[in-house]
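The values are calculated or read from the model by the stated rules, or taken from the named source; none is laboratory data. Note that this is a predicted model, so its numbers are computed, not measured. All Cβ positions, even for glycine, are placed from backbone atoms using ideal geometry, and neighbour counts span all protein chains on display. With ligands, DNA and RNA removed, areas are computed over all heavy atoms of the protein, side chains included. Shrake-Rupley method; radii C 1.70, N 1.55, O 1.52, S 1.80 Å.
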Amino acid sequence: MQATHPTKTSVFSAAVIVAALGYFVDIYDLILFSIVRVKSLADLGVVDKAEVTNQGLFLINMQMGGMLLGGILWGILGDKKGRLSVLFGSILLYSLANLANGLVTSIDQYAWLRLIAGVGLAGELGAGITLVSESLPPEKRGYGTMVVATVGVSGAMLAYWVGEELGWRNAYFVGGGLGLALLLLRVSVFESGMFRQVQAQTSVSRGNFLSLFTHPARLGKYLRVLLIGVPLWFVVGILVTLAPEFGRALGLTGEVTAGLAVFWCYFGLVFGDFLSGTLSQLWRSRNRALQVFLVFCAALVAVYLFGIRGASPTAFYAVCFVLGLSVGFWALFVTVAAEQFGTNLRATVATTAPNFARGAVVGLVPAFKYLSGQLGFVPGAAVLGGATLLVAFWAVSTLPESYGKDLDYVEE
């Protein structure tokens, strides 16, 4: 196949900027529920602490379930119809769903709208990273995806501020409005040249999700990619989202809120994504950077669970910040997913991988409930976190290095 290598595209091209802003709104909407969980449930009549926890986990599972479904849907469409159709289609869906979230009057409405929002939220990151990876030359790819992630994860901090200052309903309205405004930038972004070239070849099968499971070597590589992202969602979905519950279990000297814990965790993620992306470029190795961050994350999970018992809320939030820094390898993980597969399956993998990793919360929650019931709240979290980190480290260590890889090829 004739190569189509980008050579002069800037790291701050229209594709990178739009993908970064799209991820900013994506993260805003994705994290917003964790921030407004307690207040929104209280307004809907759920005030008992145990019930707030149970209903909160139920709604998170609905959102993450939607992301599992959306990951497959948008991934296939990304390889069949194009990266741009997914990038802007997903933004439209989650923006409308989040506007509707601001109008809910019951838990059932809330749950179904979180499911729909989850489907929408599933598409933006994978499509954006795929578009950026195919638009930039190999030596700039890591920097481009680093920009996307660094700008994107800061959306969580805006979500915290808006949720605190304007109330939970208005926070959903703001998120939906930001997404709709972003659609105006559609005219400035062009489709990937690599995709257009493969699209013109009618003999090439595109977006065949099942083909990931029919080739043993391809399946093994895909499963290892998925496992790399699970520790981040153990940290965000369990440790940080349930910060008030962990605060009580750890005997902190004052109450902590999930919203502020999420804020500090994602503030750390901003720096972590910048650092992991930069190191992967300087070391010329995605795998080495991921291994270092996984070890760093293991150390911080241990500090969170065993090193701050009886500490102040201020110390707890400081640990949340560094914990966020340690899991700041999210965009690097999605970049690796995109670089491991050919153009005809790249969007499918780059979109399903982060959503299956996010959706792992659906399995992590019952696993945590079981382990915490058997071992206790903190020891149960330690066992679950240790298992996810060990498996992720193994997965990284056995994947082929993808730094500088030529992406202009197809999976046969």
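Note: relative contact order over the stretch 324-412, using C-alpha pairs below 8 Å and six or more positions apart, is 38 percent. Expressed as a fraction of 2.2 N^0.38 Å, the C-alpha radius of gyration for the stretch 22-162 is 1.13.
Report the semi-axes of the equivalent ellipsoid for the chain in whole Å, largest first, where each axis is √(5λ) for an eigenvalue λ of the Cα gyration tensor.
Numbers: eigenvalues 222, 112, 70 Å².
Square roots of five times the eigenvalues give 33, 24, 19 Å.
Only Lys, Arg, Asp and Glu carry charge here, each on its Cβ (+1 for the first two, -1 for the last two); on that basis the chain has a dipole of about 520 debye about its Cα centre. Here the extension length gained between Thr202 and Arg309 equals 32.4 nm, from 0.36 nm per residue of separation less the Cα-Cα distance.
Neighbours of Met157 by Cβ distance under 13 Å: Lys/Arg scored +1, Asp/Glu scored -1, total -2. Note: relative contact order over the chain, using C-alpha pairs below 8 Å and six or more positions apart, is 25 percent.
Cut-off 10 angstrom, C-alpha nodes, Gaussian network model of the chain. Which of Thr150, Thr314, Thr351 fluctuates the most? Highest fluctuation among the options: Thr314.
So what are the stretch 73-224's ellipsoid semi-axes, whole angstrom, largest first, if each one is the square root of 5 times an eigenvalue of the alpha-carbon gyration tensor? Please report the intermediate quantities before stating the final value.
Details: eigenvalues 199, 73, 47 Å².
Taking √(5λ) for each Cα gyration eigenvalue gives 32, 19, 15 Å.
Considering only Ala200, Ala338, Ala117, the Gaussian network model of the chain with Cα springs below 10 Å gives its largest mean-square fluctuation to Ala200.
With all protein chains present, how much of the accessible area of the stretch 1-136 (probe radius 1.4 Å) comes from carbon and sulfur, to the nearest whole percent? Carbon plus sulfur share of accessible area: 68 percent. Restricting attention to the chain, the count of lysine pairs at 8 or more positions apart or across chains with alpha carbons under 27 Å apart stands at 16.
Counting alpha carbon pairs within less than 8 Å and at least 6 residues apart, what relative contact order, in whole percent, applies to the stretch 221-337? It comes to 40 percent, rounded to a whole number. Using the 1.4 Å probe convention, the accessible area of the chain works out to 35 Å² per residue with neighbouring protein chains retained. Phi angles across the stretch 61-69 convert, under the Karplus curve 6.51 cos²θ - 1.76 cosθ + 1.60 with θ = phi - 60°, into 3J(HN,Hα) values of 5, 4, 4, 5, x, x, 5, 5, 5 Hz, Gly and Pro given as x. When the chain is treated as a Gaussian network with alpha carbon springs shorter than 10 Å, the biggest mean-square fluctuation among Ser280, Ser95, Ser211 belongs to Ser211.
Rounded to a whole number, what % of the accessible area of the stretch 263-412 do carbon and sulfur atoms account for, probe 1.4 Å? Please list the in-between numbers first.
Details: 3590 of 5040 Å².
Reported share for carbon and sulfur atoms: 71 percent.
Derived scalar couplings between HN and Hα for the stretch 259-275 equal x, 6, 5, 5, 4, 5, 4, 6, 4, x, 4, 4, 6, x, 5, 5, 5 Hz in order, rounded to whole Hz, by the Karplus curve 6.51 cos²θ - 1.76 cosθ + 1.60 (θ = phi - 60°), x for Gly and Pro. Under 5 Å between amide hydrogens, built in the peptide plane, is the criterion, and for Thr257 it picks out nothing among residues at least 5 positions away or on other chains.
Along the Cα-to-Cβ line of Val378, 7 Å from the Cα, sits a label point; which residues in the stretch 292-326 have backbone N less than 14 Å from it? 301-312, 316, by backbone N distance to the label point.
Take 270-279, 139-148 and order them by the average number of nearby Cβ atoms within 10 Å per residue, most first; the result is 139-148, 270-279.
Keeping the other protein chains in place, figure out the carbon and sulfur percent of the accessible area of the stretch 141-244, with a 1.4 Å probe.
Numbers: 2680 of 4030 Å².
Carbon and sulfur together cover 66 percent of it.
So what's the net charge close to Gln340: Lys and Arg +1, Asp and Glu -1, counting the other residues with Cβ under 11 Å from its Cβ?
Counting the neighbours of Gln340, the net charge comes to +3.
In terms of its C-alpha gyration tensor, the stretch 157-257 has an oblate overall shape, because the principal axis ratio a/c (a ≥ b ≥ c, square roots of the eigenvalues) is not below 1.5 and a/b does not outweigh b/c. The phi torsions of the stretch 277-286, fed into the Karplus equation with coefficients 6.51, -1.76 and 1.60 and a -60° offset, translate into couplings of x, 5, 5, 5, 7, 5, 7, 6, 7, 5 Hz, rounded to whole numbers, with Gly and Pro shown as x.
Need the C-alpha centroid separation for the stretch 128-161 versus the stretch 234-272, integer Å. For the stretch 128-161 versus the stretch 234-272, the Cα centre distance is 24 Å. What does the helix-only formula give at 222 nm for the chain: each DSSP H stretch with n ≥ 4 adding -39500 (n - 2.57), the total divided by the residues, and the result rounded to the nearest 500 deg cm²/dmol? Counting only the DSSP helices, I get -24500 deg cm²/dmol.
Excluding Ala122 itself, what net charge comes from residues whose Cβ is under 11 Å from its Cβ, given Lys and Arg +1 and Asp and Glu -1?
Values: positive: Arg358; negative: Asp26, Glu124.
The answer is -1.
If I model the stretch 207-249 as equal point scatterers sitting on the Cα atoms and use the Debye formula, what is log10 I(q)/I(0) at q = 0.21 Å⁻¹? Once normalised to I(0) and log-transformed, intensities are -0.69.
Could you order the peptides 249-261, 119-131 from most to least packed, using the average number of other C-beta atoms within 10 Å per residue?
Working: 249-261: 17.8, 119-131: 30.7.
By packing density, highest mean first, the sequence is 119-131, 249-261.
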